[in-house]
Amino acid sequence: MDDKKKSSKVFGRVLIFLFIMFLCLYAISSTGYLQRLNQNKALFTEEQIKKFEEDVESGNYVDINDYIVPEIVDYSNGSSRLGEKISNAIDYTSHKSLELFNSFFAFLFK
């Protein structure tokens, strides 16, 4: 009986979480947040095109890198860097252990 209560509590919490996520996504779409972001990007692009055209008309040196804004966002934090270090350590360890097994079996079958 306790298992049924625990599973129903977990199921209820998952449903509540999914409903809250739905409400958030619905609010984002109804307020036009994503459309506004895309509109701002388009506006910025139009400004860069006008700047490019002005530079061409005035005979200035034109380089494409002056007009393209890099959209590189670094989302790393302490925990993601720690996860990457652990992943690299696991990769290194597994690679070395496979090399060791290969050399061992190569020695056996010579």
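The values are calculated or read from the model by the stated rules, or taken from the named source; none is laboratory data. No experiment lies behind these values; they were computed from the predicted model shown. Positions of Cβ are backbone-derived with ideal geometry, glycine not excepted, and every protein chain shown enters the neighbour counts. Heavy atoms of the whole protein, side chains included, go into the accessibility calculation; ligands, DNA and RNA do not. Shrake-Rupley method; radii C 1.70, N 1.55, O 1.52, S 1.80 Å.
Between S30, S87, S58, the GNM of the chain built on Cα springs shorter than 10 angstrom shows S87 fluctuating the most. Calculate for the chain the 222 nm mean residue ellipticity that helices alone would give, adding -39,500 (n - 2.57) per DSSP H run of length 4 or more and normalising by residue count, nearest 500 deg cm²/dmol. Rounded to the nearest 500, it is -28500 deg cm²/dmol.
Here's the picture: a label point sits 7 Å out from the Cα of F109 along the beta-carbon direction, and within region 83-101 the residues with their amide nitrogen under 14 Å of it are 101.
Shape summary of the chain, radius of gyration then Dmax from alpha carbon positions: 27.8, 82 Å.
With respect to the chain, whose longest principal axis is taken over its alpha-carbon atoms, helix 78-108 is tilted by about 50°.
Residue-normalised convex hull volume from the C-alpha trace of region 57-108: 133 Å³ per residue.
When the Cα positions of N77, A89, T31 are compared along the charge dipole of the chain, A89 comes out farthest toward the positive end, with charges on each C-beta of Lys, Arg, Asp and Glu. Between the helical axis of 2-31 and the longest alpha-carbon principal axis of the chain there is an angle of about 10 degrees.
Rounded to the nearest 20, the size of the Cβ-charge dipole of the chain about its Cα centre is 1320 debye, with Lys and Arg at +1 and Asp and Glu at -1. The angle separating the long axis of helix 33-58 from the principal Cα axis of greatest extent in the chain is about 50 degrees.
Which residue, N60, N88, N38, has the most motion in a Gaussian network model of the chain that connects Cα atoms within less than 10 Å? Its mean-square fluctuation being the largest, the pick is N88.
Using a probe of 1.4 angstrom and keeping all protein chains present, the accessible surface of the chain works out to 96 square angstrom per residue. Taking region 54-77 and a reference point 7 angstrom along Cα→Cβ of N88, the backbone N atoms nearer than 16 Å belong to 76-77.
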